[in-house]
Every structure is written in structure tokens, then in C-alpha cells.
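> For reference, the structure I am asking about is given below.
The values are calculated or read from the model by the stated rules, or taken from the named source; none is laboratory data. Computed from a prediction, not measured in an experiment: that's the story for all the values here. Every residue, glycine as well, gets a Cβ built from its backbone with ideal geometry; the counts of neighbours run over all protein chains shown.
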Amino acid sequence: MELKNGIHLAYCTNIHAAETWGETFASLELNTLKVRDAVMPPCPGKPFAIGLRLSDAASRELVKPKALADFCRWLERNGCYVFTINGFPYGRFHGSRVKEQVYRPDWSTPERLDYTRRLFTILSGLLAFAPSGCEGSVSTLPGSFKSFGLDVNQQRAIRQNLWKCVDHMEALSTKTGRPLHLGLEPEPLGLFETTSETVAFFAQLALERPNDPRWHTFLGINYDVCHLACEYEEPAESFASFRGNGLRISKIHLSSALRLHPTPAVREALKPFVDDVYLHQVIAAAGNRRLRAYLDLDDALQTTHQDETEWRVHFHVPLHMEEGELFGTTAAANVQVLEQLAFHPSLCRHLEMETYTWSVLPAALRSRDVVEQLAAEYAWCFAQLERLGLK
């Protein structure tokens, strides 16, 4: 939905299991309309925004003119619009092992480029039903995954493919009059994961075409609050660095990580968070000093380093999750991000809640159904936005 200062808020539909377009559309009717009905009363008369997740398979179906036209009519009929698409997970994202395969195919491949261009083609059609002045964004992975060990030629291919995507976005934006931008999402153990690594990546990208400033317009950062909080980064400092280096914030993912002290009791209580589907990187620190990174939570649980005083676990937990004796969260980082947005309203126009791990949360954290869970996340966001004068 549209907030003040032209800011738009949605939840990401990657929380719902769906791979084909038929499954995705059925989920929109089954879940998303119920969420709309649960959260729209505080915002009467405003259209409901959808943060759409499309797999490669679903995008191949929806890009067909009839399917796209039918969906546009559905959006209009139901008072909904799409301003952003999550293009990070390419293939199956629920119900089977994903782990580091979520990074495949990466940006060194033509498959990732073709998929992302297809998403922008779809989005440019959907934006006709978005509020006036609304831009379109797609979020994607941070190029690749560090452990893939890409060589120099593969890393160059990443940058070249991103430039090809810029060409496609520019052509669509010129045709439709709707600005488009791609947000690359730093993530623990991604090709770039911290603020400084992200700035360095974009600096290298700019060197590919030193006289072409279009990347400032069409490329930017998908700032996932969980991810940067896992790296012990302060939002104000990160945003200052990005702005100082001319990097745009394409979209902000409102999301929280687990934060804890790895005592024996806490380690035991963490075991239900281990799952066979998603990768839950762990960044260990002493104070605010990062010490080491673990590929996955079960890897961290097998260690006994005595110098680690804090762990931050890449496990998206509900924004409204209350802290307990054993676990805390990084929810405060979301508040700090929204405070930055209140100070600098032009910082970013796209907000998306992304708690995709709902299906693998320990049972004690799933005492309500997914619609109630999402309504509670909206309530948490509304409270923060109203306090800051953003709603």
C-alpha cells in the first residue's frame, strides 16, 4: 500500500509455497486476499500492494500476453497492485533442499540474466495498475556465492550481464514511462556481504563502462535488514556509505535475524531451528567485532569456540517476535532503518516484509496461521510507521 512520501509497503509472497504460475495465482487468491482483508481496515480506500515472488517456471507462464492480461484484470478487480518482484530464488523454494542452490544459476550465467529480464518485462506490464508515479523494482542475489569460487572471467561475466540487464530496463522504462531498478542483495557469504564489499563491487562494475552513468539509475541495493544486522553493521553508517558512493537503495527488506549468546543451554534450544531446506549462515563475534562465519547453523552448533560471545543467525523470524531468556532478535535494526527513512524520505520508496522461513519455524513460533502471522507483521510495521510519521 502507498504510504507518505510515495513509499510503498508490501509483504513478499515467497512465504507461500508455489512454483508454477497456477500455484502462485491460487496462493494469491487463497492467502493474499485474506491478508488484504485483515490489514486494509486501517487504510480504507487504498489499493493493496503485493510483493510478488515468481520462479523461473512461473515467469515463463505469466509473461505470455493472455496470462499477463488476465492477471492485470484480477489486480484491478481486487484493488491490488504489484510494484516489486523477488527475483532471488530462481527455482523451487519450499518443501525440498534449497541451501546454497538458491544462488544457482548465478549472474555469471545467461539463465539468470534471461530470468531477470523476463521479470522486468512482466513488471513493466503490471505497473500500469500501480498508483501514479510508482516505480518498479526486482531484487536479486549478490552476484554469486563466495564458496562457488568464481574465476576472473566468471566475475567479469557477472558485471557484463548486469550491464545487459541495464539495457533491458532502460528500454522498458523508456517505452512505458515507469522507472525500473534492480536491487542486488548483500547476504552473509554471498559474493559481497558487507557494506564495504558492496561498495567495492559497484565500483568495479562502474569501471566496466567508465563513461556510462546509467548504473546509478537502474542498479542499486536491496537492503535486507536481517542480512546486514547479521554482519553487525549499523544502518546509519551503511546508508551513509552507500549514499556517499552514489549507490541507490532499490528496496528494503524488513526482516529480523536471531541474536543470542551461544551458551550450552542456548545451543541446545537452537536445535529445532536446524532444517534441511534453507541456509542459515551464522556470524560469530566478540563484542561488535566479527570473528568468524559458519556456512550453516548445524556447522556452528558443532563448534565450541570460547571466544564467541554473540551469534547472529540468518534465520528470518517474525518482526513482532518477542525476545525471551534464550533468544533475542535484531528487530531493533528494522526500527533504526525506518528511522533513517524518516530522516531521509528519498532514501528508498520500496518496503517489503520478508519472513519466508514461516514453514520451517519451530512449532512454538507457529501458533497462528500464516494469514494471522502476516497481519501481525503489518501491525508491527504500522505501529513503527505511525510513530515516525511515515504512514
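> Considering only residues that are free of Cβ contacts under 8 Å to residues at least 40 places away in the same chain and within 30 Å of GLN204 (Cβ to Cβ), look in region 229-279 and name the one that is surrounded by the fewest Cβ atoms within 10 Å (Cβ to Cβ). Can you show your working first?
To start, the set of residues in region 229-279 that are free of Cβ contacts under 8 Å to residues at least 40 places away in the same chain comprises 233, 240, 244, 246, 263-264, 267-268, 271, 274.
Retained after the next criterion (residues that are within 30 Å of GLN204 (Cβ to Cβ)): 233, 240, 244, 246.
On the way: GLU233: 21, ALA240: 14, GLY244: 9, GLY246: 13.
So the residue we want is GLY244.
> Additional query: Being assigned to a helix (DSSP H, G or I) and surrounded by 15 or more Cβ atoms within 10 Å (Cβ to Cβ), is that true of even one residue in region 49-57? Write out each step before concluding.
As a first pass, look at region 49-57 and keep what is assigned to a helix (DSSP H, G or I): 56-57.
Next, from what is left, pick out any that are surrounded by 15 or more Cβ atoms within 10 Å (Cβ to Cβ): 56-57.
The answer is yes; a qualifying residue exists.
> Just name the residue that is nearest to the chain's Cα centre (by Cα) out of those in region 381-391 that are hydrophobic (A, V, I, L, M, F, W, C) and surrounded by fewer than 19 Cβ atoms within 10 Å (Cβ to Cβ). Break it down into steps so the answer makes sense when it comes.
The initial filter retains those residues of region 381-391 that are hydrophobic (A, V, I, L, M, F, W, C), namely 381-383, 385, 388, 390.
Those still in the list that are surrounded by fewer than 19 Cβ atoms within 10 Å (Cβ to Cβ) too: 382-383, 388.
Values: PHE382: 19, ALA383: 21, LEU388: 22 Å.
Filtering region 381-391 for residues that are hydrophobic (A, V, I, L, M, F, W, C) and surrounded by fewer than 19 Cβ atoms within 10 Å (Cβ to Cβ), the one nearest to the chain's Cα centre (by Cα) comes out as PHE382.
> Only one of LEU182, LEU150 is touching a Ser or Thr at 6+ places or on another chain (Cβ under 8 Å), at pLDDT 95 or above and surrounded by fewer than 24 Cβ atoms within 10 Å (Cβ to Cβ). Can you tell me which?
Numbers: LEU182 fails: surrounded by fewer than 24 Cβ atoms within 10 Å (Cβ to Cβ).
Exactly one residue qualifies, and that residue is LEU150.
> Given the criterion within 18 Å of the chain's Cα centre (by Cα) and not hydroxyl-bearing (Ser, Thr, Tyr), identify the matching residue among ALA332, ALA364, ALA342. Before the answer, list the steps.
Values: ALA364 fails: within 18 Å of the chain's Cα centre (by Cα); ALA342 fails: within 18 Å of the chain's Cα centre (by Cα).
One residue alone meets the criteria, ALA332.
> To continue, here is another question. I'd like the residue in region 166-183 that is part of a helix (DSSP H, G or I) and not polar (S, T, N, Q) and, out of all such residues, is farthest from THR109 (Cα to Cα).
Kept after step one, since they are part of a helix (DSSP H, G or I), are these residues of region 166-183: 166-176.
Still in the running and not polar (S, T, N, Q): 166-172, 175.
Values: VAL166: 16, ASP167: 17, HIS168: 16, MET169: 18, GLU170: 21, ALA171: 22, LEU172: 22, LYS175: 27 Å.
Looking at residues that are part of a helix (DSSP H, G or I) and not polar (S, T, N, Q), I get LYS175.
> I'm told GLU111 meets every condition in (1) of a type in the set (Asp, Glu); (2) surrounded by 19 or more Cβ atoms within 10 Å (Cβ to Cβ); (3) in contact with a Pro (Cβ under 8 Å, 6 or more places away or on another chain) except one. Can you identify the failing condition by its number?
(2)
> Also: Read through the list (1) buried (at least 21 other Cβ atoms within 10 Å of the Cβ); (2) touching a helix residue (DSSP H, G or I) at 6+ places or on another chain (Cβ under 7 Å), then give the number of the only condition that GLU170 fails.
Condition not satisfied by GLU170: (1).
> Of everything in region 3-33, what is in contact (Cβ under 8 Å) with a residue 40 or more places away in the chain, buried (at least 18 other Cβ atoms within 10 Å of the Cβ) and β-branched (Val, Ile, Thr)? Give them in sequence order.
ILE7, THR13, ILE15, THR32
> Does LEU301 qualify as being farther than 27 Å from SER139 by Cα and among the hydrophobic types (A, V, I, L, M, F, W, C)?
yes
> Would you confirm whether any residue within region 200-213 is under 23 Å from ILE85 (Cα atoms), among the polar types (S, T, N, Q), out of contact with any Pro (no Cβ under 7 Å at 6 or more places or on another chain) and without any contact (Cβ under 8 Å) to a residue 40 or more places away in the chain?
No: zero hits.
> Hey, another quick one. Output the residues belonging to region 345-369 that are in contact with a helix residue (DSSP H, G or I) (Cβ under 6 Å, 6 or more places away or on another chain), over 28 Å from LEU247 (Cβ atoms) and crowded, with 18+ Cβ neighbours inside 10 Å.
Across region 345-369, the qualifying residue is only TRP358.
> Shifting gears a bit: Considering region 109-165 alone, what residues qualify as being under 12 Å from PHE83 (Cα atoms), over 19 Å from the mean Cα position of the chain (by Cα), hydrophobic (A, V, I, L, M, F, W, C) and part of a loop (DSSP other than H, G, I, E, B)?
Listed by number, the list holds a single entry, ALA130.
> Just to be sure before I move on: is ALA240 aliphatic (A, V, I, L, M), farther than 30 Å from ALA376 by Cβ and out of contact with any strand residue (DSSP E or B) (no Cβ under 7 Å at 6 or more places or on another chain) in the structure I sent?
Working: aliphatic (A, V, I, L, M): yes; farther than 30 Å from ALA376 by Cβ: yes; out of contact with any strand residue (DSSP E or B) (no Cβ under 7 Å at 6 or more places or on another chain): yes.
Against the criterion (aliphatic (A, V, I, L, M), farther than 30 Å from ALA376 by Cβ and out of contact with any strand residue (DSSP E or B) (no Cβ under 7 Å at 6 or more places or on another chain)), ALA240 qualifies.
> Within region 198-235, count every residue that is over 21 Å from VAL138 (Cα atoms) and either acidic (Asp, Glu) or not in a helix (DSSP H, G or I) (or both).
Looking only at that region, the number is 9.
> Further question on the same structure: Read through the list (1) more than 26 Å from GLY136 (Cβ to Cβ); (2) without any contact (Cβ under 8 Å) to a residue 40 or more places away in the chain, then give the number of the only condition that ALA379 fails.
Failed condition: (2).
> Let me ask something else. Tell me the residue from GLU100, GLU187 that is closer than 23 Å to GLU231 by Cβ, in contact (Cβ under 8 Å) with a residue 60 or more places away in the chain and surrounded by fewer than 21 Cβ atoms within 10 Å (Cβ to Cβ), please. Please lay out each step first, then the result.
Working: GLU187 fails: surrounded by fewer than 21 Cβ atoms within 10 Å (Cβ to Cβ).
Exactly one residue qualifies, and that residue is GLU100.
> Out of region 87-114, which residues are of a type in the set (S, T, N, Q) and modelled with pLDDT under 95?
First, the residues of region 87-114 that are of a type in the set (S, T, N, Q): 96, 101, 108-109.
Correct list: SER96, GLN101.
> Okay, next question. Could you check region 83-136 and list, in sequence order, the residues that are more than 13 Å from LEU180 (Cα to Cα) and of a type in the set (Val, Ile, Thr)?
VAL98, VAL102, THR109
> Going by the conditions given, is GLU135 touching a residue at least 60 places away in the same chain (Cβ under 8 Å), under 30 Å from LYS64 (Cβ atoms) and crowded, with 18+ Cβ neighbours inside 10 Å?
Details: touching a residue at least 60 places away in the same chain (Cβ under 8 Å): yes; under 30 Å from LYS64 (Cβ atoms): yes; crowded, with 18+ Cβ neighbours inside 10 Å: yes.
Taking the combined requirement at face value, the residue satisfies it.
> Right, next: Mind checking which residues of region 60-98 are assigned to a strand (DSSP E or B) and either farther than 24 Å from PRO186 by Cβ or hydrophobic (A, V, I, L, M, F, W, C) (or both)? Reasoning before the result, please.
From region 60-98, those assigned to a strand (DSSP E or B) are 80-86; that's our starting set.
Matches in region 60-98: CYS80, TYR81, VAL82, PHE83, ILE85.
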